[in-house]
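The values are calculated or read from the model by the stated rules, or taken from the named source; none is laboratory data. Keep in mind that what you see is a predicted model, and the values were worked out from it rather than measured. Every residue, glycine as well, gets a Cβ built from its backbone with ideal geometry; the counts of neighbours run over all protein chains shown. Keep in mind that these areas ignore ligands, DNA and RNA; they rest on the heavy atoms of the full protein, side chains included. Shrake-Rupley method; radii C 1.70, N 1.55, O 1.52, S 1.80 Å.
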Amino acid sequence: MLDTPTLPALSGDRQVSALIHRASFEPETRLWAPILSVLEADAEYPGLAEHAGQLDAVHTLDLDYPTMLTVARTRTGGVPAGNAAAIHAARHLPHPGTDALIATVAPKAYETRHVPYLDLNR
C-alpha cells in the first residue's frame, strides 16, 4: 500500500523506485494506492495522479461508501485523509488471504495505528 507521503517519492526516491521495480517484475508483489491518497498527493504535487496512473505496477483502490465512513472516523483522530485511506485499505484489501502493509516514507504516522508498515527510509 502506498500512502500520501510516499507517492511524491515515485519520481526519484531510491527505495520507492526499487519497490516499483520489484512490483513490475514479481507478480507476488502488488502495489496499491488508495484513490484518496493519490488525490491528496496530487493536490500538493500537480500531475502526480497522472504519473501514478501510468505506472503498471501501481493499482488504485476506489473509495466506496463504507471506506469513506471509516476514513471520516479515522480523520477525527487527527489522521490525514490519505493516510486514513491507506490504513483502511491495508486492513481490508479486496484480495482475501493477502497480507498487506503500508510502504511509507513517513512511518511515524502508523506507529500507534496497529497496522503493519514498511519504513522506506531504511
Looking across segment 52-62 at residues that are of a type outside the set (S, T, Y) and touching a strand residue (DSSP E or B) at 6+ places or on another chain (Cβ under 9 Å), the single one that is surrounded by the fewest Cβ atoms within 10 Å (Cβ to Cβ) is D62
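This table checks each residue for (1) outside any loop (DSSP other than H, G, I, E, B); (2) surrounded by fewer than 14 Cβ atoms within 10 Å (Cβ to Cβ).
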{"site": "T4", "(1), (2)": "no, no"}
{"site": "A23", "(1), (2)": "yes, no"}
{"site": "D42", "(1), (2)": "yes, no"}
{"site": "E50", "(1), (2)": "yes, yes"}
{"site": "V79", "(1), (2)": "no, no"}
{"site": "T98", "(1), (2)": "no, yes"}
Just one listed residue, out of A33, A109, A89, is more than 14 Å from L7 (Cα to Cα), in contact with a strand residue (DSSP E or B) (Cβ under 7 Å, 6 or more places away or on another chain), buried (at least 16 other Cβ atoms within 10 Å of the Cβ) and not hydroxyl-bearing (S, T, Y), and it is A89
Within segment 6-15, residues being open to solvent by 10 Å² or more (accessible area, probe 1.4 Å) and outside any loop (DSSP other than H, G, I, E, B) number 6
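The rows are residues; the columns are (1) more than 18 Å from L120 (Cβ to Cβ); (2) among the small types (G, A, S); (3) touching a helix residue (DSSP H, G or I) at 6+ places or on another chain (Cβ under 7 Å); (4) touching a residue at least 40 places away in the same chain (Cβ under 8 Å).
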residue: I35; (1), (2), (3), (4): yes, no, no, yes
residue: T67; (1), (2), (3), (4): yes, no, yes, no
residue: T74; (1), (2), (3), (4): yes, no, yes, no
residue: H88; (1), (2), (3), (4): yes, no, yes, yes
residue: R91; (1), (2), (3), (4): yes, no, no, no
